[in-house]
Amino acid sequence: MKGQPHLTKRGNVYQWRRLIHRQSTRIAHIRLSLRTTDFRIAVMLSRKITAESDSIMDQVNAKEMTAEDARKWLSRVVQVEHEKIEQLQLLRRVDSLSPADDARHDAAMAAAWKHVAETALNDPGHSISDDLIKSNVELIRRDLASEARRRIICRDYRDLTGHEGTIAALDYAKIANLWISGKRAAWERHPDALHAIEEVADTLAKNVTSFLEVSEPPSPKAENPAPVEDTGLDPSITAVVERMNAIKREDGIEEKTLRQYQSFASLFTLLTGIQKVSEIRQSHVTSFRSAVYQIPKSWGKSPKDSTASREQIMAKAATLPAEKVGLSVGTINRHLEHLGQIAEWADGEGIAVDRRLNPGKLKRKETVRARDKRDAFSEEQLVTLFDSPVWKGSYSERFQTRSGPKIYRNGIFWCPLIGAVTGARREEIAGLAPSDIIDVDGIMCFSIEDSEIRRVKNLSSVRLVPIHSSLINLGFLEHVAKARSSKKRYLFPDLSQQSKGNLGRKVGRRMRDIVDETLGLDGAKLTFHSLRHYVQNALENCEVDEGIVRDLVGHEGKDTHERVYRKASPMAKLRDAIELLRGFPE
């Protein structure tokens, strides 16, 4: 191609190729797929590989990957992947809750590796209709693009071939291509690979069953240890999480997410007895997943849980009814995701991590759609809710849900009202500061963004939401003016619980009390978050444009075009949409 002598194109995918003279008159033809359809990326890769190849041409006989090395590498990749698949299948014989679902996930993974092997690395996958396959393809591509995966591939190749020194870009491209081909081959043939190990499976099944029943987890020394690597860093799970959270905190990740990592680390160590990331094996992850189906759903909500032993937790679970035991599929999957991230972080720090560790393979398919997990308030229920003494007259600010002569316009009063006419998240409302109430084009708005006292969930959560006229009529702007004149840090200082790092927890608990007292059993599945679902449903029922709804509630666009090119909705249209919502109380 013009200006790029070694860059060619085969179909839509770019390639790098070069003719080199070797020994006497012999010519070698090197051709590599760059696995991209993006010309800019292809140019950068071509320049890098060309520069690398120029520097090693004088030593090509000594440095190039030989045919024997290539065969050994490919064979090793296939062998290791076969072993991982076989072990996973064996464990499933005693642990699987849905064999049919496991088979569906395996078929999707095989299809994903085939797609990655046959297309460019950054192919958007528009031709894939199956969401599970598309999700697996995206996971594989993110993994292949990571620096952690590059280091692992290079390390494994060096261990196998004895190659010393830095692996050049040219050789790495070959190694990675072979690695992908080996993965594909292993997955496409793995059912046949299991036929000859039925007796081994029966033996392992018995061992795994007894392992899951013991109260004390086995010593990690019973398994093949990961190679020891002295990094000078503490390899304990809690220490890795602490270092990872420090960086994530600088990147603006909300504290709620960071606490979830810490909570997972404590729970994993408690249930498995494993202290160090380097000691974790796939069987420990399987044991952990089995154990969390047996612990109370409320684990972690009581201060006593932090000091309880495994036996005490299981004993408590044994006294509870079945519906109160076992974490949800969503929570378990989140724990497995956290473990994968922690292991990847540790590997990036140079801590030895078992190469066969793959927590994501144990994730379960959700049996309930996300929109069905929590109920939305109906308009009639909100009329009943806002007829509570909190909004009609309370006995005192401490006993705000008891009938009395005075209305206390504090956080408990304002937050549910704001939620019902904005759809904002609990922490977004509870963390409002006086400076977050601003005038935009003559329209008073809530400015929801990162601040010293509150984090937003993601970039899409940063937004402006017009203030509903019902709030203005109830005196909300006067409340803001009073907070400003008093130089208050928070609009709702009565909700502050900074020692616990969660501004919305108090209003969440009080909301639970109010719902129980006003709606009884009909409100059992309703929470503060149900106000958000109500607003979304109400706006959709009013046929408000989807883009405007997303701008109001802080959801990301449904595709790249909307996320990148769509401009924010005009403030006047946002105000008109908000005013379609019913104001409370009446």
Everything considered on the Cα gyration tensor (a ≥ b ≥ c; rounded for a/c under 1.5, else prolate if a/b is larger than b/c, else oblate), region 237-362 must be described as prolate
Round to the nearest 10 and report in Å² the accessible area of THR161, as given by a 1.4 Å probe over the protein chains' heavy atoms. 30
When each of LYS316/LYS361; LYS297/LYS506; LYS114/LYS361; LYS256/LYS573; LYS256/LYS316 is checked by Cα-Cα distance, pairs over 24 Å: LYS316/LYS361; LYS256/LYS573; LYS256/LYS316
Can you tally the net charge around ALA117? Count Lys and Arg as +1, Asp and Glu as -1, for every other residue whose Cβ sits under 9 Å from the Cβ of ALA117. +2
Once the whole set of protein chains is in place, how much accessible area is left on CYS542, using a 1.4 Å probe, in Å² to the nearest 10? 60
Is region 379-579 rounded, prolate or oblate when judged by the Cα gyration tensor, a ≥ b ≥ c being the square roots of its eigenvalues, rounded requiring a/c under 1.5 and prolate requiring a/b larger than b/c? prolate
At 1.4 Å probe size, with every protein chain present, just tell me what the per residue accessible area of region 237-362 comes to in Å². 43
Share of region 379-579's accessible area from carbon and sulfur, percent, 1.4 Å? 48
Full extension from ASP441 to VAL462: what is 0.36 nm times the residue separation minus their Cα-Cα distance, to one decimal in nm? 5.7 nm
May I ask you to derive the FRET efficiency for GLU138 and GLU543 from their Cβ-Cβ distance with R0 = 35 Å, giving the value to the nearest 0.05? 0.60
List the pairs from LYS304/LYS365; LYS134/LYS174; LYS276/LYS324; LYS392/LYS482; LYS183/LYS248 whose alpha-carbon separation is above 29 Å, in the order I gave them. LYS304/LYS365; LYS276/LYS324; LYS183/LYS248
If I model a spin label as a point 7 Å beyond the Cα along the Cα-Cβ vector, how far apart are those points for SER181 and ARG155 in nm? 2.6
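The values are calculated or read from the model by the stated rules, or taken from the named source; none is laboratory data. What you see is a predicted model, and the numbers here were worked out from it, not measured in a lab. Don't worry about glycine lacking a Cβ; one is built from the backbone with ideal geometry, like all the others, and counts go over all protein chains shown. Surface accessibility is based on the protein's heavy atoms, side chains included, excluding ligands, DNA and RNA. Shrake-Rupley method; radii C 1.70, N 1.55, O 1.52, S 1.80 Å.
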